[in-house]
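Asker: Have a look at this one.
What follows draws every value from the coordinates through simple rules; no lab data is involved. Computed from a prediction, not measured in an experiment: that's the story for all the values here. Cβ sites come from the backbone with ideal geometry, for glycine too, and all protein chains shown count toward neighbours.
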C-alpha cells in the first residue's frame with residue numbers, strides 16, 4: 001500500500017513538471033493580430049475563406065467566422081431567409097471587393113477548421129459593424145442562435161427590419 005502511494009506521488013510530481021504543449025487547449029489560445037489576409041471566397045455573410053501569409057513562402061487558407069454577428073443562412077429551409085442571406089453575402093462581397101482584410105483577436109472556432117476573428121477592411125471598416133448598421137446582421141455572442149423565420153416561412157420582426165432596409 002505504501003508503494004502504491006509512493007508511485008502515485010511520483011506520477012503527480014512528474015506530470016506537474018512536464019511542460020504544457022500548445023495543443024493542450026488550442027481553443028483557449030488567442031492571436032491578437034493584426035494579421036493581413038486575402039479573401040479567397042465569401043461563404044456567407046459571416047464566414048469568409050481567407051489566405052494569410054504566415055512565414056516566408058508559407059501561406060494558410062482557412063475559413064474565418066466574423067466575430068460578433070449572425071447573418072441569415074444560405075441553406076435555410078425558409079426562402080425569405082435565403083434571400084436575406086444572399087443580400088448579406090453580396091454586401092460583404094462589395095465591402096471586401098479589393099480582396100484584403102485584417103484579422104484581430106483570432107481563436108479557433110467550435111467547428112473544426114474554422115477560426116473566429118474580428119475582421120476589418122484595410123481601411124479600418126469593421127465588417128460586423130458595417131453589416132449590423134445596414135440591418136443585414138444581428139449581434140451574436142456565441143449563445144444559441146435564433147431563426148430568422150417563423151414556422152410558416154415568414155420573416156420574424158428582426159429579419160423583417162433587415163428586409164425593409166434592402167428595399
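Asker: Going by what's in this entry, would residue 61 be described as out of contact with any helix residue (DSSP H, G or I) (no Cβ under 8 Å at 6 or more places or on another chain) and either more than 26 Å from residue 147 (Cβ to Cβ) or part of a strand (DSSP E or B) (or both)?
Answerer: Against the criterion (out of contact with any helix residue (DSSP H, G or I) (no Cβ under 8 Å at 6 or more places or on another chain) and either more than 26 Å from residue 147 (Cβ to Cβ) or part of a strand (DSSP E or B) (or both)), residue 61 qualifies.
Asker: Something else: Which pairs turn up if I take residues in segment 64-86 that are in contact (Cβ under 8 Å) with a residue 40 or more places away in the chain and at positive phi and look for partners that are surrounded by fewer than 22 Cβ atoms within 10 Å (Cβ to Cβ) and part of a loop (DSSP other than H, G, I, E, B) with beta carbon separation below 9 Å, at least 6 apart in sequence or on another chain?
Answerer: Filtered contacts from segment 64-86: 68/140; 68/141.
Asker: So, one more: Just checking, does segment 74-87 include any residue being assigned to a strand (DSSP E or B) and either under 17 Å from residue 30 (Cα atoms) or touching a strand residue (DSSP E or B) at 6+ places or on another chain (Cβ under 8 Å) (or both)?
Answerer: no
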